[in-house]
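The values are calculated or read from the model by the stated rules, or taken from the named source; none is laboratory data. Keep in mind that what you see is a predicted model, and the values were worked out from it rather than measured. FYI the Cβ positions are ideal-geometry reconstructions off the backbone, even for glycines, and counts take in every protein chain you see.
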Amino acid sequence: MAEQYAIEMRGITKTFGSVVANKDVELNVRPGEILALLGENGSGKTTLMNMLSGIYAPDSGEIRVNGQPVTIASPQDAKRLGIGMVHQHFKLVDVFSAADNIWMGKEKAGFLLKKNRYDEIEAMAKKFGFDLDPRKKVHNMAVSEKQTLEIIKVLYYGAKVIILDEPTAVLTVQEIQKLFGVLRRMKADGHSVIIITHKLNEVLDISDRVAILRKGEYVGTVNTAETNEQQLTEYMVGRKVDLNIERPVVEKTRPLLEIRDLTIKNDEGAVAIDHVNFYIRGGEILGVAGIAGCGQKELCEAIAGLRPIEQGQMIHKGDNIVGLSPKAILDKGISMSFIPEDRLGMGLAPSLSITDNMLLKNYQDAKGPFVDRKQGRADAEHVIQELGVVTPSAETPVRRLSGGNVQKVLLGREIKAGPNVIITAYPVRGLDINSSYAIYNILNQQKKDGVGVLFVGEDLDVMMALCDKIMVLCHGKVMGVVHAHKTTKEELGLMMTGSLDLTNKYEDKPAGFAKDTNFAPENQGDGKGET
Amino acid sequence: MEMDKLGVLTTFVHNIVVYNIPLLYGTTGEILVEKSGSLNLGVEGIMAVGAIFGYILGCYANSLGAGILVAFLAGALCGLLFAVLTVSLQANQNITGLTLTTFGLGLYFFVGSGVKAVSWPAMNDYANIKNGFADVAIPGLSQIPLIGQGLFSHNLLVYLGVVIALVMWFYLSRTRYGLRLRSVGENPGAADSVGINVKRYKYLHICVGCGIMGIGGYYMALNMSGSFNSSCWINGYGWIAVALVIFANWNPALAILGTFVFGFFNTLRVSGSSLAAAFPGGLGWLAAVPTQLYQALPFIITAIVLVVTSVRKREGSGQPQALGLNYFREER
Amino acid sequence: MRFHVVKRDHCPLWKLLGLYVLAVAVALVLGGLLLLAMGVNPIAYYGRMFTMGMVGNKIAYKSFENYLKVFVPLALTSVALSLAFKMRFWNIGGEGQFILGAVAAATVAFKAGPVLPEPLTLVLMCLAGMLAAGLYGAFVAALKVRFGTNETLMTLMLNYVALYFITFLGETKAPWNFYLDDTSARPIFTSFASLASFPKIPIGKFGLNICVILTLLIGVLVYVYLKYSKQGYEIAVVGDSVGTARYAGMKVNRIVLRTVFLSACLIGLAAAFKVGTAGILATTITDDVGWTGVIVAWLSQLNTGAIFVVSALISMLQYGSTTAASTFSQVDSSFADMLQGAILFLVLAADFYTRFRIVPVKKGGNDNGNG
């Protein structure tokens, strides 16, 4: 008799149009274990789990729950089978209270909504060991509160198998530890937990076994105790990673872009960037590290002129750029490309062709009232050739390209414009290793050409190999700028979480101020007092 | 000539209710539909369909109840069509709603006057319907001076409309099914993920909501004594109902009040001159106001409400967040 | 066997057209069955309808002229709406914009007609119509960019404000009201056809109204504008992704205002064409083109060429049914509305199959009571 699994997935295949998201995937989950589902972005982890939770239906394959073959055609089926999922983008009704978000899915809830539902939910949350204000509306909650609510929700519905999709991406270190405590408790109660992540340290910390996906295909499952980071990485990316990213030594120029005492607010009106000072020279890559949502996006937007600043100065080659229109900033040669999570939100018009997307920033340059498609087509062909973009033609809508090719198109266009400062956020998000290297090479080439690069990244290993210096942000504050070849992951990690502040490491000069600054002398004094 | 001033006022209040209750039906019906996340611009057409079928079949059966039932079913069938197209077949809601209005009005005129071989019955010949539509005074309340006769002595459909609105308010805000319906309209993805059958909720509430609109249409037929002429019975009430939904902030109980406010202007249009004649001192100026201003006022007020709520952002707005958006589970 | 629905990346053109033709055919068959039930030969009826009574008619050219009078406002309004829709601005206020345009054009005709030469009057009528309608549309766009006011509901409300405005003009006897006929005791609009009327180019007996040529010309211009001009490019980008447009340095608010103004302007022009041809105002001056135009633009998937084809067909349906009604007295012209509705419903249903595929689930475990 074979081992009794809580969940078995056999030969699961799922395609979206021409894109194969999962191909012949196998997965087993034991009762009472924490299984990490590991894979790079875009390796099909979420798709696979969405088939367990009934959001997607597999094209082919079999799912068994407790040994019984089942069909999960809807989230309702999944719930009935005791499978609950905490989605990365929370599925909560903003205008409802915490209690109502849970209550709406309760099976035998009675006809009337009674006041005592608040007490019942609160008591239940206590039972699972959570603090929850059942009357608090979701739109007033912090991210971690929303996540807690989601977890309570699936527990309340009696889930025996709990899936968490990238639960740590939005949390602080303390919150992550708290979450892991919760997961261990759930495991002790006999729940099976599947946690989707691409962070190795977390995998090793929390899981019993690790299942690995690569490009939609199943690689294998290993016991966490018998593996290590090196091996997991190898499984994940397919070959031994030797992060031998080239770091050419280039003569640096005077600062191209200098930021002084910059404060920016986010969409909700909270301070996103808090009195930040830094500068970028030509011929260097300055990395920006930090936990997701600690002000990277707002910083990029502010430099590109897309977001008003509260306070501070931004000087490009000695000229003030605060208050300039995005167009004027572009004309100065400052290029910004930001790859958001959906990859298409900023920088590209998904329904338009590659040609049309090439024109995005320079369509105004053509003489007369018409756009110069000939130029656009030539640029498109050039980028397709140069960066090896896989596409049927230059007239194909960008939406129909795969992620890596979309990013090549975006970056290709930016470089084509010949900028002197490149701000790029998450340029390798979701890319396979070869595409990533292609991107690194592009950036290095730019650096050699004397361009200043601000690289907002996620993967510390990559940043340590690629960048010259790394600036670490924590909740909008700079924790210090370190030399990439001298620092360690541990040091960066401590800085990212705010436990280490190196801003005052060098006493001879204020942090983030260049010695050969382009700031006029009279401006010098202003900044000094602030630091 | 000495006017009975009190009588004029009472008649005025009475008329507000009598002539505008169809708005309440249209509005509550549309609220139910919109709370499921569907913006249905076919109210006008659906009310027309309910009116014509309720009228004809009600007369044949010589029963008010049968008329109401048929009007409801006819409206619900229109709703079913809307639901099939927008929920199952993912068609654009605005386009489908506008088409439903074209189709419904076409059907109304076609059945009403297009079939030349048949002449439709005169409603006044049917005693059961006539009597069923007669005013019924509520004992006690109708004795209150001034407003008693105006507010509490009406036909059964007026009471039914108010009851539907109150029951719907209770249903939406105080029951589990109402909670689930709201979750579908706010965030269908969230509703789906906790196992609520989004399609079923949408279908059911679109059909019932449209059925209620159908009754509203039938009421208009009854009010006009069911004599068919070339101008439509519905005459824009469906569109006012769409406006009233916004004015009432998607709250069926507030819709009762809203009906009264909109109805007030509507009635001033008709009886403004009699008020002016009865109170030449205070209200004489009413005679000078163009009637079209009263007709436009509901739309002007709603436009102002729209602007004010958008200035204040979503704070306290009852508008479902996913209104007008189709839900497709596998959307990536 | 279970089925499930998946999105299509792309639908080949022949399939799209085939599905639409099929939808129209099914609607016609359903309508035909209804006609049969009424004792009317559907083939004879449809024949009459689609030839618009021109076959065997000595004054067929007159029919065609009248047909074009239906076609021009609808085609131009639909083209105008497609501009706004391309930017995902749901202007369903065509009715109101048309009415204001018509009133403005008529005002110029009454006031300038007696003093200015006719061609100049006509040009001024067009400009006045465009300005009035354009501002009415731009008002909503301004609210949208400033406060995020829902443009669908807002334009809907303004339709009725405009409708009751023209009703007011049409029903109010007063010394100032020059729109009405002085000689009539009842309030009725008076004609200004003798003051200003768009000229016709005679082609044999047939008179080709200059508005037809202008409408076709504008169609070509709009096509070129959307496809090749910088502003058209901006519209496409804003419609696709506002974030990207901002990022590219586009002044999104200005583009929205400009485009909606232009869209409404063209609707005002359609109204000027209409009153300049009819020579009189009417409370029903729009003939519902504001509503029908929304549907036409949508069904044509905002393709300018397709808009002309679809509006030609819809006009044929509407005008043809009135001519058919004169032969087949037992069929009311409301039959056309129903038929139009049925066609649209079926086309909307067919549209589903152009955007989605239904595939059987190959091997989905055994159904053992779940699902």
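Odds and ends about this structure:
- Test for A:E381: is it of a type in the set (D, E) and either crowded, with 19+ Cβ neighbours inside 10 Å or free of Cβ contacts under 8 Å to residues at least 40 places away in the same chain (or both): yes
- A count restricted to the range A:387-413 and to residues that are under 30 Å from A:L256 (Cα atoms) and touching a Lys or Arg at 6+ places or on another chain (Cβ under 8 Å) stands at 4.
- Checklist (1) within 18 Å of the chain's Cα centre (by Cα); (2) under 30 Å from A:L473 (Cα atoms) applied to A:S402, failing item: (2)
- Each residue in the range A:122-177 was checked for being touching a residue at least 40 places away in the same chain (Cβ under 8 Å), hydroxyl-bearing (S, T, Y) and under 17 Å from A:D100 (Cβ atoms), and 2 pass.
- Subset of the range C:326-362 that is of a type in the set (G, A, S) and crowded, with 21+ Cβ neighbours inside 10 Å - its residue that is nearest to A:R10 (Cα to Cα): C:A342
- Here the condition is being at pLDDT 85 or above, at the interface with chain C (Cβ under 9 Å from one of its Cβ atoms) and touching a Phe, Trp or Tyr at 6+ places or on another chain (Cβ under 9 Å); of B:P320, B:P290, it holds for B:P290 alone.
- Residues being among the aromatic types (F, W, Y) and either closer than 20 Å to B:L98 by Cβ or touching a residue at least 60 places away in the same chain (Cβ under 8 Å) (or both) - total across the range C:114-163: 2
- Candidates C:G113, C:G129, C:G134 - the one that is under 25 Å from C:R254 (Cα atoms), in contact with a Leu (Cβ under 7 Å, 6 or more places away or on another chain) and buried (at least 20 other Cβ atoms within 10 Å of the Cβ): C:G129
- Residues that are facing chain B (nearest Cβ under 7 Å) and not in a loop (DSSP other than H, G, I, E, B), drawn from the range C:172-182: none
- Evaluated against (1) aromatic (F, W, Y); (2) touching a strand residue (DSSP E or B) at 6+ places or on another chain (Cβ under 9 Å); (3) assigned to a helix (DSSP H, G or I), A:F455 falls short on exactly one condition, (3).
- Residue, farthest from the other protein chains (Cβ to nearest Cβ), within the range C:204-229, restricted to residues that are small (G, A, S) and more than 23 Å from A:G368 (Cβ to Cβ): C:G204
- Each residue in the range C:230-264 was checked for being under 23 Å from C:L135 (Cβ atoms) and either in contact with a Leu (Cβ under 7 Å, 6 or more places away or on another chain) or within 12 Å of chain A (Cβ to nearest Cβ) (or both), and 12 pass.
- Just one of the listed residues (C:G18, C:G47, C:G32) is in a helix (DSSP H, G or I), within 21 Å of C:S300 (Cα to Cα), without any contact (Cβ under 8 Å) to a residue 24 or more places away in the chain and not hydrophobic (A, V, I, L, M, F, W, C), and it is C:G18.
- Scanning the range B:145-175 for residues that are at the interface with another protein chain (Cβ under 7 Å from one of its Cβ atoms) and under 25 Å from B:L80 (Cβ atoms) yields a count of 1.
- Of everything in the range B:55-69 that is farther than 16 Å from B:L105 by Cβ and crowded, with 24+ Cβ neighbours inside 10 Å, the residue that is modelled with the highest pLDDT is B:G67.
- Every condition in (1) away from chain B (no Cβ under 14 Å); (2) modelled with pLDDT of 90 or more; (3) surrounded by 23 or more Cβ atoms within 10 Å (Cβ to Cβ) is met by C:N303 except one, and the failing one is (3).
- Residue satisfying all of: in the range B:227-240; within 12 Å of chain C (Cβ to nearest Cβ) and at pLDDT 75 or above; farthest from B:I300 (Cα to Cα) among these: B:N235
- Selected residue (only one of C:I280, C:I358 is farther than 23 Å from C:V79 by Cα and more than 14 Å from chain B (Cβ to nearest Cβ)): C:I280
- A residue that is more than 22 Å from the chain's Cα centre (by Cα) and buried (at least 19 other Cβ atoms within 10 Å of the Cβ) cannot be found anywhere in the range C:92-103.
- Number of residues in the range C:50-89 that are touching a residue at least 24 places away in the same chain (Cβ under 8 Å) and in a helix (DSSP H, G or I) equals 26.
- Residue check, B:A296 assigned to a helix (DSSP H, G or I), crowded, with 18+ Cβ neighbours inside 10 Å, free of Cβ contacts under 8 Å to residues at least 12 places away in the same chain and more than 26 Å from the chain's Cα centre (by Cα): no
- Per this entry, C:I285 is counted among residues that are touching a Lys or Arg at 6+ places or on another chain (Cβ under 9 Å), over 27 Å from A:A302 (Cβ atoms) and surrounded by 20 or more Cβ atoms within 10 Å (Cβ to Cβ).
- Subset of the range A:22-36 (residues that are touching a Leu at 6+ places or on another chain (Cβ under 7 Å) and within 11 Å of A:R214 (Cα to Cα)): A:N22, A:V25
- Residue within the range A:396-412 that is under 25 Å from C:M250 (Cα atoms), of a type in the set (K, R), surrounded by fewer than 20 Cβ atoms within 10 Å (Cβ to Cβ) and at pLDDT below 80 present: yes
- Residue that is surrounded by the fewest Cβ atoms within 10 Å (Cβ to Cβ) [pool: residues in the range A:47-82 that are among the hydrophobic types (A, V, I, L, M, F, W, C) and within 15 Å of B:D192 (Cα to Cα)]: A:A73
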